[in-house]
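Below is one structure, written out as structure tokens; comments come after it.
The values are calculated or read from the model by the stated rules, or taken from the named source; none is laboratory data. Predicted, not measured: the structure shown is a model, and the values here were computed from it. Don't worry about glycine lacking a Cβ; one is built from the backbone with ideal geometry, like all the others, and counts go over all protein chains shown.
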Amino acid sequence: MINNLLLRRINEKEDESALEELFNMHSKWVYTTAFSIVKDQGLAEEIVEDVFLKLWKNRKNSPPIVKLESYLFVCTKNLCLDHIRKRGNKHFISLDEQMLNHYEMGPDQIYELDELKVLIELSIKKLPLRCKSIFELVRNKGRSYKEAARILGLTPKTIENQLRIATKKIFLDLEPYFRDITTRVS
């Protein structure tokens, strides 16, 4: 596959043009993913750059990447969560408000964001009740793990574990979307 060829060029030949090709193929959905989590255009753009920079920096030290889309998604999610933690779990404005505030987004970006938002909402609805409540409190209402734990009468570790479960289930639901978007871009 083309991803494997590009990854091989990056790892074996340190080919920056191969990294650029991967960036061009995947940066749009990585941005959409980051934006759906952090709800900040500038931060999402920074995260996209960090994801591909990490891919480049780890080219020699990491085991070979088997599924690039999975690697990019997990890396994006982790970097987003790191930024959220650094910001102190501030309340994030809704995706709709963010879209209205960023007039530079083209119709294609808005359509893809709307499509992703619907898929995420459907996936969240399928979560078990406790998992869904925790996800809503932390991700959509901007509560810290500690606050969510206090509100729900749980431990912060339970909150963290339930969010991990929720994220994994949402990722599995969204995997076909990312595969489709990757196919459309390439």
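The table below lists the values:
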item: Ile165 being assigned to a helix (DSSP H, G or I), modelled with pLDDT of 80 or more and in contact with a Pro (Cβ under 9 Å, 6 or more places away or on another chain); result: yes
item: Residue in the range 1-13 that is assigned to a helix (DSSP H, G or I) and closer than 30 Å to Lys141 by Cα present; result: no
item: Of all residues in the range 29-49 being buried (at least 18 other Cβ atoms within 10 Å of the Cβ) and charged (D, E, K, R), the one that is nearest to Leu174 (Cα to Cα); result: Lys39
item: Count - residues of the range 141-162 that are surrounded by fewer than 16 Cβ atoms within 10 Å (Cβ to Cβ) and in contact (Cβ under 8 Å) with a residue 24 or more places away in the chain; result: 1
item: In the range 59-80, residue surrounded by the most Cβ atoms within 10 Å (Cβ to Cβ) [restricted to those that are under 16 Å from the mean Cα position of the chain (by Cα) and over 18 Å from Ala18 (Cβ atoms)]; result: Thr76
item: Conditions (1) free of Cβ contacts under 8 Å to residues at least 12 places away in the same chain; (2) under 23 Å from Asp40 (Cβ atoms); number of the one not met by Lys125; result: (2)
